[in-house]
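Data block below; observations after.
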Amino acid sequence: MKMQAQSQDSTPFVQLRNASLAYGGEGQQLLAVDDISMSIEQGEFIAIVGPSGCGKSSLLKLVSGLHPALKGEVIVDGKAVTSPISICGMAFQNSTLLPWRTTLDNVLLPLQIVQPFAGNFRRHRREYVEKARHLLASVGLLEFEKKYPWELSGGMQQRASLCRALIHDPRVLLLDEPFGALDAFTREDLWEVLQTLWVEKRPTVVLVTHDLREAAYLADTIYVCSPRPGKIVSRNEMHFPRPRSLETTFEPDFVDTVQLLREKIARH
Amino acid sequence: MPKPFLTRLVPWAVTLGFFVLWELACWGFRVDRFILPRPSEIAVSIIKHYPAILLNSWQTLYTTLVGFALAVGFGLCLGLLIGALPAVYAGLYPILVGLNSIPKVAVVPVLVIWFGIGTVPAIITAFVISFFPIMVNVATGLATIEPELRDVLRSLGASRLQILWRVGMPSAMPYFFASLKVAVTLAFIGSIVAETVASDRGIGYLMIAASARFDVPLVFAGLLVIALMGVIMYEVFSYIDRRVTFWAIRGNEMIS
Ligand SMILES: Nc1ncnc2c1ncn2[C@@H]1O[C@H](COP(=O)(O)OP(=O)(O)OP(=O)(O)O)[C@@H](O)[C@H]1O
Ligand SMILES: [Mg+2]
């Protein structure tokens, strides 16, 4: 059975209209993202692939509102993005957990910042801790809740980082090569973990990755970027039935799709 | 994991060896006690002048710790301020660097004009000399937030103040505590410098008075007491450092 993005109405949840992003001031501006247009449905899982330095991370900064667009528009949930949108969760290649907090306390961090959780953190602490422990349990980390991040393996840190990104039930999840530094086995484990979390909570996900198998396994739609300044050069819908498993990745159809994507990237 | 017995013994053995060597060298080369007294002579002098040494040590400890406490307070506040607000940093930079370049001995006469001789100049000298490293370290610590972590927090809608409180302050703590170890030793130097120039109390004064009487063993007794207080203070703060910022050393040396 195919789980397509549930489009309640016709307007997409995340929309980029001819958006560009540049670094540096006047005179020596460096265009990182150029004239990108894309629409992401609510609950859709998209992946962005492309050569290194093509502006994938910059694209995430556009969507999250961390960096303003030079030209064009970014619209999330019907509103133009001008400053950081607090309805998003982020995870990066390095887990960026706080070394002085236990795993559990790290996962709780967003609830101490994002409203309305932060306002009644003290009062609802019990409930929030339960929520965090539930999330940790779902990624198999419950027995490590009291451990510090430096006592965890790289894969465990990444799991914790995913939990932190999801604890406040963000409507958008932005992932920048979250499994890039992990070995192949751990990475494939985490694909499954992420898919399960996504099916359960159905946030809109933007995943940046270098791994085409990862993109094809996880995403509904894969966008391929050109070298800098990044432009979208192709949009590919993945129709493999969900839930996908590691076996899916060995099916001829899947292997062919990945091969095709590889050629599309090489062509630019 | 506790250190092996031998490792713990080494510092004591080396220190003891140092004094034994000193004793033997003075004895062997027949060094005049007015040039370099032997450790045993210094020990005798310490016992003889015990009440005076204790009284003056208290005075020095007192001025040092008061000056140091002021330095911790101001250093922490100003460090947070210049670390968090680049404009404040840019504004204060020339003045701070200028003030830090002035040798503190040169300030003491001015302090004497303002406050007379005694306790106050010693406290202030201890303060100004130990303030700078604390402030600089706190400011540096604040500036070491990973860009990705900052992005995570900003994307959650965290304000500058929240980022400072939740991430900046804790990550500056190892820098802060590391600076305390150095700063407390500097505070001692400040106090004693002021006491030797302008005081009628304290270990610095005791030494100056003793050297005027050519009581060289007592001068060395003073030096020894200063060194001892320095070692104890350093140990106290490095113990606190290890306890509070165990996560910064990744738990490797938690017990050592
Ligand atoms: N903070 C910054 N200041 C100036 N230039 C930047 C900054 N961040 C990125 N760039 C530039 O923008 C371009 C795109 O960078 P970006 O990090 O978005 O690429 P990327 O596709 O994520 O690369 P990678 O796959 O290697 O992570 C690069 O040429 C980079 O040099
Ligand atoms: Mg990147």
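The values are calculated or read from the model by the stated rules, or taken from the named source; none is laboratory data. Quick caveat, the model's predicted, so the values are computed rather than measured. No Cβ is skipped: glycine too gets one built from the backbone with ideal geometry, and neighbour counts run over all protein chains shown. For the accessible areas, the whole protein counts, side chains as well, though only heavy atoms, and no ligand, DNA or RNA atoms are used. Shrake-Rupley method; radii C 1.70, N 1.55, O 1.52, S 1.80 Å.
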So what's the net charge close to A:Asp35: Lys and Arg +1, Asp and Glu -1, counting the other residues with Cβ under 11 Å from its Cβ? +2
How well do other chains shield peptide A:83-93, expressed as the mean number of their Cβ atoms within 10 Å of each residue Cβ? 4
For A:Ile48, distant residues with modelled amide H under 5 Å away: A:Leu207, A:Val208, A:Thr209, A:Tyr223
Can you list, largest first and rounded to whole Å, the semi-axes you get for the protein assembly as shown by taking the square root of 5 times each eigenvalue of its Cα gyration tensor? 63, 26, 20
Residue-wise HN-Hα coupling along the stretch A:24-41, computed from phi with Karplus coefficients 6.51, -1.76, 1.60 (Hz; x: Gly, Pro): x, x, 3, x, 10, 6, 10, 7, 9, 10, 10, 6, 9, 10, 7, 10, 10, 6
Reported to the nearest 10 Å², A:Phe144 has, with a 1.4 Å probe, an accessible area equal to 50 Å²
Go through B:21-33, A:214-226 and give me the packing order, highest mean Cβ count within 10 Å leading. A:214-226, B:21-33
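Divide by every residue of chain A the summed helix terms, -39500 (n - 2.57) for each DSSP H run of at least 4, and state the resulting mean residue ellipticity at 222 nm, rounded to the nearest 500 deg cm²/dmol.
Roughly -9500 deg cm²/dmol at 222 nm, from the helical runs in chain A.
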What whole-number value in Å² describes the accessible area per residue of chain A for a 1.4 Å probe? 44 Å²
For B:Leu164, A:Leu97, give me the order by solvent-accessible area with a 1.4 Å probe, most accessible first, ignoring ligands, DNA and RNA. B:Leu164, A:Leu97
Around A:Thr204, what is the net charge, scoring Lys/Arg as +1 and Asp/Glu as -1 over all other residues with Cβ under 13 Å from its Cβ? -2
To the nearest 10 square angstrom, how much accessible area does A:Asp183 have with a 1.4 angstrom probe? 80 Å²
What is the distance in Å between the Cα centroid of the stretch B:165-185 and that of the stretch A:137-199? 31 Å
Integer Hz, Karplus 6.51/-1.76/1.60 couplings in order for the stretch B:74-90, x for Gly and Pro: 5, x, 5, 4, 5, x, 4, 5, 6, x, 8, 10, x, 5, 5, 4, 4
For the protein assembly as shown, what proportion of DSSP beta bridges, expressed in % and rounded to the nearest 5, is antiparallel? 50 percent
Assuming R0 = 56 Å, what is the FRET efficiency of B:Val20 and A:Gln115, from their Cβ-Cβ distance, to the nearest 0.05? 0.25
DSSP beta bridges in chain A [antiparallel fraction, %, rounded to 5]: 50 percent
Two-site label geometry, A:Asp77 and A:Arg262: point separation in nm, points 7 Å out along Cα→Cβ: 4.0 nm
Taking A:30-36, A:137-143, A:159-165, A:206-212 and ranking on average Cβ neighbours within 10 Å, highest first, one gets A:159-165, A:206-212, A:30-36, A:137-143
Could you list which residues have their amide H under 5 Å from that of A:Gly89, counting only those 5 or more apart in sequence or on another chain, with H placed in the peptide plane? A:Val172, A:Leu173, A:Leu174
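Averaged per residue, what accessible area in Å² does the stretch B:1-59 show with a 1.4 Å probe, protein chains only? All intermediate terms of the calculation are to be shown ahead of the outcome.
Details: 4880 Å² over 59 residues.
Counting only protein heavy atoms, the per-residue value for the stretch B:1-59 is 83 Å².
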Residue mean of other protein chain beta carbons inside 10 Å, A:104-113: 3
Taking amide H positions as placed in the peptide plane 1.01 Å from N, state which residues far from A:Val233 in sequence (5 or more) or on other chains have amide H under 5 Å from it. A:Val224, A:Cys225, A:Ser226
Residue-level accessible surface for A:Glu41, protein heavy atoms, 1.4 Å, Å²: 50 Å²
In the protein assembly as shown, what percent of the accessible surface is made up of carbon and sulfur (1.4 Å probe, ligands and nucleic acids excluded)? 64 percent
How many Å² of accessible surface get buried when B and A come together, counting both sides, probe radius 1.4 Å, rounded to the nearest 100? 2100 Å²
Projecting the Cα atoms of B:Ile129, B:Leu92, B:Ile192 onto the charge dipole of the protein assembly as shown, where Lys and Arg contribute +1 and Asp and Glu -1 at Cβ, the residue farthest towards the positive end is B:Ile192
Vicinal HN-Hα couplings computed from phi for the stretch B:172-183 (Karplus, 6.51 cos²θ - 1.76 cosθ + 1.60; Hz; Gly/Pro x): 7, 4, x, 5, 4, 5, 4, 6, 4, 4, 5, 5
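Within 10 Å of each Cβ in peptide B:155-165, how many partner chain Cβ atoms are there on average? Round it to a whole number, please.
Across the residues of B:155-165, the mean count of other-chain Cβ atoms within 10 Å is 6.
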What is the distance, in nm, between label points placed 7 Å from the Cα along the Cα-to-Cβ direction at B:Ala227 and at A:Val199? 7.2 nm
Quick check on chain B: helices-only [θ] at 222 nm, where DSSP H runs of length 4 and up contribute -39,500 (n - 2.57) each and the sum goes over total residues. Nearest 500, please. -26500 deg cm²/dmol
Given the candidates B:Ala158, B:Gly141, B:Val182, the one whose Cα lies deepest towards the positive end of the charge dipole of the stretch B:51-246, counting +1 at each Lys or Arg C-beta and -1 at each Asp or Glu C-beta, is B:Ala158
